[in-house]
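Asks: Input: one structure, supplied below.
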Amino acid sequence: MEPVIQIKDLNKSFGDNHVLRNFNMAINAGENLAILGKSGSGKSVLIKCIISLMEVDSGEMIVLGKDIQLLNSDELDSLRAEVGFLFQSNALYDSMTIRENLEFPLRRHWSKEERKKGADAAVKEALEDVGLSHTIDMMPAELSGGMRKRIALARALILKPKVIMYDEPTTGLDPITSREISNLMLSVQKKYKSAALIISHDLNCIKMTSNRVIMLIEGTRYAEDTYENLRKSEDPKIKEFFD
Amino acid sequence: MGTVKLLKQIDNAFFREVGEIAQFTARFFQTVTKPKQEWEEFVNQCFWVGYKTLTLVGITAFIMGLVLTIQSRPTLVEFGAESLLPSMVSVSLVREISPVITALICAGKIGSGMGAELGSMRVTEQIDAMEVSGTNPFKYLVVTRVLASTVMVPILSSVGIAIGLCGGYLGVNIRGHISWNLFWHQAFEALSFGDLIPSLIKTFFFGFAIGIIGCYKGYNSKKGTEGVGQSATTAVIVASLVVFVLDLIAVQVTDLLGLT
Ligand SMILES: Nc1ncnc2c1ncn2[C@@H]1O[C@H](COP(=O)(O)OP(=O)(O)OP(=O)(O)O)[C@@H](O)[C@H]1O
Ligand SMILES: [Mg+2]
């Protein structure tokens, strides 16, 4: 079976700062792949390239069978509907209520009739998935950090994407909330049979959620294995992360 | 040597900025001509522009009308032309005072508001989030705001003229006496199309410039909260400056066309 995301020889630099160098990876359907790397190693840059928020210098990126660099803006938009994206900073629209936040992605991808009929149910279902139905008419500023993260997840789920990309889903949260978010990610994967790309330096989250881990060191794929095997590794560069 | 270098740097930064604003404006026209406008958001923005500035424009215009009348009276009395007071106030308000005052207030409130709002949306990745969810953020955020300020500044300026004239009426009646009807009759009689049309066109340009600059500053905000504050302040400064420059150009053009 063809991988849902495949990346070949990706290069990206900002001036003299070569962030990604010949980076390769592939995610299979239904799989949770984690990318582990230090702060500033280019993890956020990598997923922003995959969703075409940033231009790459060279390389090939196939998402759900399409080369994203060859798509026009309409094709790109419809592809983006199948890819959920959880921002590191949540990026909730702070001038809108939770309901409006969740309805926003439907604007482009559903017709007016569809929205009239189905938007309410879709919003409620997504909120139920993350256990925050009661916040529907609140503003993002009224929520705690953990709640905001879950709302952002609900917004990423509303179009029932085939792949979800998580940018540091647990950073800045306490261990208990982090575990809740990790469990949520697992239940989402089960319910929607989606694949996920999880970017993190939170070992507990990676341990709980991932099937496979790629170590991103100095812009390249330094190692790739299951969490347990990487943890046993004797390589000092890998050990550094687990100590 | 140092000064020359510094001047060169300032010069470069200035021209780069002018170029970028020109590009931003070109992008606005490219986007606005594409089908499917965000009408709902446009109406929202119009409402906000009006809501945020109407009181301020009203109060300022009223005071300007009043003060202008009181201060001009002695001069006109000297020439025995006291009866020209309503005409004079109305022509000054229409031609210059209301358009410029309204534009400056809007540059302060709307320009900075757009700079700060879009800036914080940029910094907190909300603009990226819109793009990812398939909504063109330039169309949704920038085009609607620029159109709203382009439409609203002329309307606000017209309201300013009306309220300013009320101030003028009060000013005339402090020392002398003139009936309400006569005042308005004289005020309108003094006006010709040569006063009204250039004023209207001028305010359209003011509104457009304020919208473009506020949005440009916010949309291209640098990372960090500091960047947001900077976007807001420079939006006000640049927009106010551009209003004066446009005013200068407008007076030259009307002069050339023989409309004065
Ligand atoms: N827009 C940009 N312009 C210039 N350089 C950038 C830009 N975005 C990121 N970088 C640089 O790319 C590198 C990687 O940044 P990135 O945000 O991907 O790190 P990260 O791995 O996500 O770190 P963190 O765990 O702290 O989020 C950094 O050195 C950063 O300075
Ligand atoms: Mg990051």
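Asks: Go through the residues of segment B:172-179 one by one and say whether even a single one is more than 30 Å from A:Ala91 (Cα to Cα), surrounded by 21 or more Cβ atoms within 10 Å (Cβ to Cβ) and not polar (S, T, N, Q).
Replies: Looking only at segment B:172-179, we keep the residues that are more than 30 Å from A:Ala91 (Cα to Cα), and these are B:172-179.
Retained after the next criterion (residues that are surrounded by 21 or more Cβ atoms within 10 Å (Cβ to Cβ)): B:172.
Checking which are not polar (S, T, N, Q) leaves us with B:172.
Within segment B:172-179, one or more residues are more than 30 Å from A:Ala91 (Cα to Cα), surrounded by 21 or more Cβ atoms within 10 Å (Cβ to Cβ) and not polar (S, T, N, Q).
Asks: In segment A:182-220, which residues are within 16 Å of ligand 2 (Cβ to nearest atom) and assigned to a helix (DSSP H, G or I)?
Replies: A:Cys205, A:Ile206
Asks: Taking segment B:102-116 on its own, how many of its residues are within 13 Å of chain A (Cβ to nearest Cβ) and open to solvent by 30 Å² or more (accessible area, probe 1.4 Å)?
Replies: 1
Asks: Can you tell which of B:Ser231, B:Ser221, B:Ser240 is within 16 Å of B:Phe206 (Cβ to Cβ) and among the small types (Gly, Ala, Ser)?
Replies: Working: B:Ser231 fails: within 16 Å of B:Phe206 (Cβ to Cβ); B:Ser221 fails: within 16 Å of B:Phe206 (Cβ to Cβ).
B:Ser240 is the lone residue from the list that is within 16 Å of B:Phe206 (Cβ to Cβ) and among the small types (Gly, Ala, Ser).
Asks: Any idea which of B:Ile97, B:Ile21 is within 21 Å of B:Ala235 (Cα to Cα), away from chain A (no Cβ under 14 Å), open to solvent by less than 70 Å² (accessible area, probe 1.4 Å) and under 20 Å from the mean Cα position of the chain (by Cα)? Spell out the reasoning first.
Replies: On the way: B:Ile97 fails: within 21 Å of B:Ala235 (Cα to Cα).
One residue alone meets the criteria, B:Ile21.
Asks: Of all residues being touching a Leu at 6+ places or on another chain (Cβ under 7 Å) and within 6 Å of ligand 1 (Cβ to nearest atom) in segment A:38-56, which is farthest from the other protein chains (Cβ to nearest Cβ)? Just the residue, please.
Replies: A:Ser41
Asks: Among the residues of segment A:30-58, which ones are away from ligand 2 (no atom under 12 Å from the Cβ), under 15 Å from the mean Cα position of the chain (by Cα) and either open to solvent by 20 Å² or more (accessible area, probe 1.4 Å) or not assigned by TED's automatic domain parsing to the domain that holds A:Asp202 (or both)?
Replies: Quick first cut of segment A:30-58, residues away from ligand 2 (no atom under 12 Å from the Cβ) only: A:30-34, A:36, A:49-58.
From what is left, the residues that are under 15 Å from the mean Cα position of the chain (by Cα) are A:30-34, A:36, A:49-53.
Within segment A:30-58, A:Gly30, A:Glu31, A:Ser52, A:Leu53 meet the criteria.
Asks: Do the conditions hold for A:Lys12, that is, is it more than 14 Å from chain B (Cβ to nearest Cβ), charged (D, E, K, R), surrounded by 15 or more Cβ atoms within 10 Å (Cβ to Cβ) and part of a strand (DSSP E or B)?
Replies: Yes.
Asks: Only one residue in A:Ala122, A:Ala91 is outside any helix (DSSP H, G or I), within 14 Å of another protein chain (Cβ to nearest Cβ) and open to solvent by less than 70 Å² (accessible area, probe 1.4 Å), so which one is that?
Replies: A:Ala91
Asks: Kindly list the number of the only condition in (1) surrounded by 15 or more Cβ atoms within 10 Å (Cβ to Cβ); (2) away from ligand 1 (no atom under 16 Å from the Cβ); (3) among the small types (Gly, Ala, Ser); (4) not assigned by TED's automatic domain parsing to the domain that holds A:Leu46 that fails for A:Gly131.
Replies: Against the list (1) surrounded by 15 or more Cβ atoms within 10 Å (Cβ to Cβ); (2) away from ligand 1 (no atom under 16 Å from the Cβ); (3) among the small types (Gly, Ala, Ser); (4) not assigned by TED's automatic domain parsing to the domain that holds A:Leu46, A:Gly131 comes up short only on (1).
Asks: Oh, and also: I'd like the full set of residues that are among the β-branched types (Val, Ile, Thr) and in contact with an Asp or Glu (Cβ under 6 Å, 6 or more places away or on another chain), limited to segment A:189-237.
Replies: The answer is A:Ile199, A:Ile214.
Asks: A follow-up question, please. Check off (1) touching a residue at least 24 places away in the same chain (Cβ under 8 Å); (2) over 22 Å from B:Leu56 (Cα atoms); (3) away from chain A (no Cβ under 14 Å); (4) of a type in the set (D, E, K, R) for B:Lys202 and give me the number that stays unchecked.
Replies: Checking B:Lys202 against (1) touching a residue at least 24 places away in the same chain (Cβ under 8 Å); (2) over 22 Å from B:Leu56 (Cα atoms); (3) away from chain A (no Cβ under 14 Å); (4) of a type in the set (D, E, K, R), the one that fails is (2).
Asks: Keeping to segment A:99-114, report how many residues are away from chain B (no Cβ under 13 Å) and at pLDDT below 90.
Replies: Selection size over segment A:99-114: 2.
Asks: Another question about this same structure. For segment A:158-187, which residues satisfy the criterion of being open to solvent by less than 40 Å² (accessible area, probe 1.4 Å) and within 17 Å of A:Ala81 (Cβ to Cβ)?
Replies: Hits for segment A:158-187 are A:Ile158, A:Pro161, A:Val163, A:Ile164, A:Met165.
Asks: Among the residues of segment B:117-136 satisfying the criterion of being within 12 Å of another protein chain (Cβ to nearest Cβ) and touching a residue at least 60 places away in the same chain (Cβ under 8 Å), which is surrounded by the fewest Cβ atoms within 10 Å (Cβ to Cβ)? Quick ask: steps written out before the conclusion?
Replies: Looking only at segment B:117-136, we keep the residues that are within 12 Å of another protein chain (Cβ to nearest Cβ), and these are B:117-118, B:120-136.
Filter once more, so that each one left must be touching a residue at least 60 places away in the same chain (Cβ under 8 Å): B:117-118, B:120-123, B:127, B:136.
Working: B:Glu117: 22, B:Leu118: 28, B:Ser120: 20, B:Met121: 24, B:Arg122: 22, B:Val123: 20, B:Ile127: 23, B:Asn136: 18.
Checking each candidate, the answer is B:Asn136.
Asks: I'd like to check something: does segment B:147-165 contain any residue that is within 14 Å of chain A (Cβ to nearest Cβ) and part of a helix (DSSP H, G or I)?
Replies: Checked against the condition, which is being within 14 Å of chain A (Cβ to nearest Cβ) and part of a helix (DSSP H, G or I), segment B:147-165 yields no hits at all.
Asks: Under 6 Å between Cβ atoms, which residue pairs at least 6 apart in sequence (or on different chains) link something in segment A:39-50 that is polar (S, T, N, Q) with a partner that is open to solvent by less than 10 Å² (accessible area, probe 1.4 Å)?
Replies: Listed by first residue and then by second, the contacts come to A:Ser41/A:Leu216; A:Ser44/A:Asp167.
Asks: Looking only at segment B:24-43, which residues are open to solvent by less than 100 Å² (accessible area, probe 1.4 Å), out of contact with any Leu (no Cβ under 7 Å at 6 or more places or on another chain) and of a type in the set (Phe, Trp, Tyr)?
Replies: B:Phe24, B:Phe28
Asks: With away from chain B (no Cβ under 14 Å) and open to solvent by less than 70 Å² (accessible area, probe 1.4 Å) as the only criterion, which of A:Met61, A:Met1 stands out?
Replies: Step by step, each of A:Met61, A:Met1 is checked, and only A:Met61 is away from chain B (no Cβ under 14 Å) and open to solvent by less than 70 Å² (accessible area, probe 1.4 Å).
Asks: Another question, if that's okay. Within segment A:69-86, identify whether any single residue is more than 16 Å from ligand 2 (Cβ to nearest atom), facing chain B (nearest Cβ under 10 Å), within 13 Å of A:Ala154 (Cβ to Cβ) and at pLDDT 90 or above, and answer yes or no.
Replies: yes
The values are calculated or read from the model by the stated rules, or taken from the named source; none is laboratory data. All figures in this text were calculated on a predicted structure; none of them were measured in a lab. Every residue, glycine as well, gets a Cβ built from its backbone with ideal geometry; the counts of neighbours run over all protein chains shown. Remember, those area values only see protein heavy atoms, side chains included, never the ligands or the DNA or RNA. Shrake-Rupley method; radii C 1.70, N 1.55, O 1.52, S 1.80 Å.
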